[in-house]
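First comes the structure, then the notes that go with it.
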Amino acid sequence: MYMDPLIYQFSEGIDRDKYVIATYQIGAKREAEALKYIAALVVEQTTGTWTKVPGETHEVRERHLGRIVGVYEVPPYPLEYPADQEIRWFIVRVAFPVANFGDQFAMMMTAIFGNISTIDRIKLMDIELPDSLLKMYKGPKFGIEGIREILGVYDRPLVNNMIKPCIGLNPEQTAELAYQVAVGGVDIIKDDELNASPDNCNLFERVKAVTKALERADEEKGEKTLYCFNITDRTEKLRDNALRCIELGARALMVNTWCVGLDAVRMLTSDPDINVPILSHPDLQGGLYVSPYNGISAELVKVKLPRLAGLDMFIMPAPYGKFPVTFDQYVKFVYTAWAPWQHIRRMLPMPGGGGHPGLTEIMMKTFGDDFVLAAGGGITGHPMGPTAGARAYRQAIKAVKNGIPLRKAAEEPENRELKAALDVWGVWGEKKDLYELK
């Protein structure tokens, strides 16, 4: 089977509009017949199994067999393998017929990575959709430009606050905290991922209380605020949750993306009646991508597939906070969100996890304006209170936009909130041990 001429082709030799191309990192033992091994994986994911079966005819293979369109050993060993080389590594590109799964995430992921995901040393690195399939996915309704239009903010990073404590506040307490951070200048507030609709904080009661509080805050500050309500629930309840929240005044929503599934998310984002931005929360994502040898690449899990599913914003770790991530991966998340992708709108990145005003300069130097400065405790835990925490962020942004170092800006009397934040948490580059679990 592995010498079947159908299975090895150049990408130029296939009808590109009929195939999704998946890229993998694959490790094989030194003595393995690597091409045979890779071919067996492709057959396993398309037409066959470990032995010949009568129904796997040439006609079936011609229509449904995956095609290996690239195998690149890294580094290449054309003459001999080093004596200490136990594992050989390959970048492999496989074209899967769209006819095998159509325009759905569940079966596309089953076809591309289903059974073989249980084998050691296989990592799915990327998925490239043909135009015929990509046009069936609408992507974000709003994205960066749409969210800026709603808020009327075009010339600076946005500021987000995650409600803290994570869970335990009732609707009225949540609304009061939302009011305090909103009136201080926060643009976007989100429920914590742990808080959807517990007994003490019913989702719909929370929407009613928070909406009323934000109307008051917005009138006072002369700006708009979006609150992302966590509608995560059983699949059959998701749409009703979203519509009921919107009916009660919600202007943004949030969903724990991989907990509910990409097709469930797409159900929400493609519904014309759910016409508000939706934030993607990263729960469970780390379990899919943290291994360098297995699972799915971080940018696919966190950004590219949620963007394809239509989510408008996403939370990501930053290398300055409490969740580990390399700087290169951090940057790659954002450029995966920003990269032109035909009709698919750009997604708004929200780096978080231990954010505080002292990180503003380094983050703006890296990304400019088209991202969200996100903080939970870095706003609500401000020594002068949550409103001051929000003001400190706005003061930090203004200083960076004007080319003034944060420490110098904090010397000005009008920036006393920024000074208080920097006195507690410092500025990036100063040595401080901040991220202990308290």
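The values are calculated or read from the model by the stated rules, or taken from the named source; none is laboratory data. Only a predicted model underlies this, so the values are computations on that prediction, with no experimental measurement involved. Using ideal geometry, Cβ is built from the backbone for each residue, glycine included, and neighbour counts are taken over all protein chains shown. Note: accessible area is taken over every heavy atom of the protein model, side chains too, but ligands, DNA and RNA are not part of it. Shrake-Rupley method; radii C 1.70, N 1.55, O 1.52, S 1.80 Å.
Worth a mention:
- The lone exception for LEU284 - which of (1) open to solvent by less than 20 Å² (accessible area, probe 1.4 Å); (2) at positive phi it fails: (1)
- For segment 39-64, a residue qualifies if it is in a loop (DSSP other than H, G, I, E, B), of a type outside the set (Val, Ile, Thr) and without any contact (Cβ under 8 Å) to a residue 60 or more places away in the chain, and the qualifying residues are GLY48, TRP50, LYS52, PRO54, GLY55, GLU56.
- Matching residues, segment 270-318, being among the hydroxyl-bearing types (Ser, Thr, Tyr) and under 15 Å from the mean Cα position of the chain (by Cα): SER280, TYR289, SER297
- Segments classed as strands (runs of 3 or more DSSP E), wholly inside segment 218-287, with at least 2 members that are aromatic (Phe, Trp, Tyr), in contact with a helix residue (DSSP H, G or I) (Cβ under 6 Å, 6 or more places away or on another chain) and under 26 Å from GLN180 (Cβ atoms): 226-230
- Just one residue in the set MET267, MET316 is in contact with a Pro (Cβ under 7 Å, 6 or more places away or on another chain) and either crowded, with 18+ Cβ neighbours inside 10 Å or over 25 Å from ALA375 (Cα atoms) (or both); that residue is MET316.
- Meets criteria (in contact with a Cys (Cβ under 9 Å, 6 or more places away or on another chain), assigned to a helix (DSSP H, G or I) and either open to solvent by 20 Å² or more (accessible area, probe 1.4 Å) or touching a residue at least 24 places away in the same chain (Cβ under 8 Å) (or both)) for THR174: yes
- Looking at ALA40, ALA32, ALA22, just one residue is closer than 19 Å to ASN115 by Cα, small (Gly, Ala, Ser) and open to solvent by 20 Å² or more (accessible area, probe 1.4 Å), and that residue is ALA40.
One line per residue, one yes/no per condition, for (1) surrounded by 14 or more Cβ atoms within 10 Å (Cβ to Cβ); (2) within 21 Å of TYR24 (Cβ to Cβ):
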{"site": "PHE96", "(1), (2)": "yes, yes"}
{"site": "PHE101", "(1), (2)": "yes, yes"}
{"site": "THR110", "(1), (2)": "yes, yes"}
{"site": "SER117", "(1), (2)": "yes, yes"}
{"site": "MET125", "(1), (2)": "yes, yes"}
{"site": "MET136", "(1), (2)": "no, no"}
{"site": "PHE142", "(1), (2)": "yes, no"}
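- Taken over segment 329-379, the criterion of being in contact with a strand residue (DSSP E or B) (Cβ under 6 Å, 6 or more places away or on another chain), over 20 Å from TRP428 (Cβ atoms) and either free of Cβ contacts under 8 Å to residues at least 60 places away in the same chain or surrounded by fewer than 20 Cβ atoms within 10 Å (Cβ to Cβ) (or both) is satisfied by ALA337 alone.
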